[in-house]
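Asker: Take a look at the following structure, please.
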Amino acid sequence: MNVLTALSMIISLAAFNGSLVPDIGPSGTEIRTAGYLPPIPDRTVLFDQAYAGIMDNAGQGDGLYLRADDFVLSEAGCIESIEWWSIFISGQSGTFHLRIFADSSGLPGTLLWEVPAISSINTDTGDDFNGSYDIYHSEVNLDPADYFTAEGGTTYWFSMYYSGTGFYWGLLTEGGNMALYYYYEKPWSSLEWIGMFRLSGSHTGAIMNETTWATIKAGI
């Protein structure tokens, strides 16, 4: 990448609310299908807002910006892996700080869970955003000690923050409910966007951990 191209990319990041808006037609929508990835094998999809070929925006998730998107599981489940789709414009040297918040009147409230400084497995989907940025699929398989159990029918907020620079979460810009925390404009504000992510794991009724197995063995 030459200096002029890099400078152009940096200037383009000055869009509103830390979002990177493509200039590719009146609707700003690019339709591609090659980058869709199936769920992680041997795990149940608990919540699915996966990239399926359309990404019409990308929101900054580093520096002064923190984003969160809401999710509701149809039944109680244990979150064991998290996937998301995004673009990196300054390399992939950082780590992610993952959080889940309770809901507070339609915005993130009490912090319920967090995993700091976790590395993700990033795979180029083969699709491009705005003809210039590779769309990446990122995957984190959590340590069992970090699993999060979510109640069915309850609203939660998933958030991730990148320690490096140039990270943009893939978005759809209509019909969603995303929250943005901007350092200079506290507190959270609401945006009608959809963040691309998927939560997988197991339904809590089927979870077998060391404690439950020990209990079963003791009764045999």
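The values are calculated or read from the model by the stated rules, or taken from the named source; none is laboratory data. Computed from a prediction, not measured in an experiment: that's the story for all the values here. Don't worry about glycine lacking a Cβ; one is built from the backbone with ideal geometry, like all the others, and counts go over all protein chains shown.
Asker: Tell me yes or no: at least one residue of the stretch 115-127 is out of contact with any strand residue (DSSP E or B) (no Cβ under 6 Å at 6 or more places or on another chain) and among the hydrophobic types (A, V, I, L, M, F, W, C).
Answerer: Yes, because at least one residue in the stretch 115-127 is out of contact with any strand residue (DSSP E or B) (no Cβ under 6 Å at 6 or more places or on another chain) and among the hydrophobic types (A, V, I, L, M, F, W, C).
Asker: If you go through the stretch 51-80 one residue at a time, how many are surrounded by fewer than 18 Cβ atoms within 10 Å (Cβ to Cβ) and either among the aliphatic types (A, V, I, L, M) or within 16 Å of HIS137 (Cβ to Cβ) (or both)?
Answerer: 6
Asker: Quick check on the stretch 126-142. Is at least one of its residues surrounded by 15 or more Cβ atoms within 10 Å (Cβ to Cβ), part of a strand (DSSP E or B) and in contact with a Leu (Cβ under 6 Å, 6 or more places away or on another chain)?
Answerer: yes
Asker: Only one of (1) hydrophobic (A, V, I, L, M, F, W, C); (2) in a loop (DSSP other than H, G, I, E, B); (3) at pLDDT 90 or above is not met by ILE24, so which one is it?
Answerer: The single condition ILE24 does not satisfy is (3).
Asker: Turning to a different aspect of this structure: Can you find even one residue in the stretch 90-108 that is touching a Leu at 6+ places or on another chain (Cβ under 8 Å), assigned to a strand (DSSP E or B) and over 15 Å from ARG198 (Cα atoms)?
Answerer: yes
Asker: What residue, of ILE121, ILE135, ILE82, is without any contact (Cβ under 8 Å) to a residue 24 or more places away in the chain and hydrophobic (A, V, I, L, M, F, W, C)?
Answerer: ILE121
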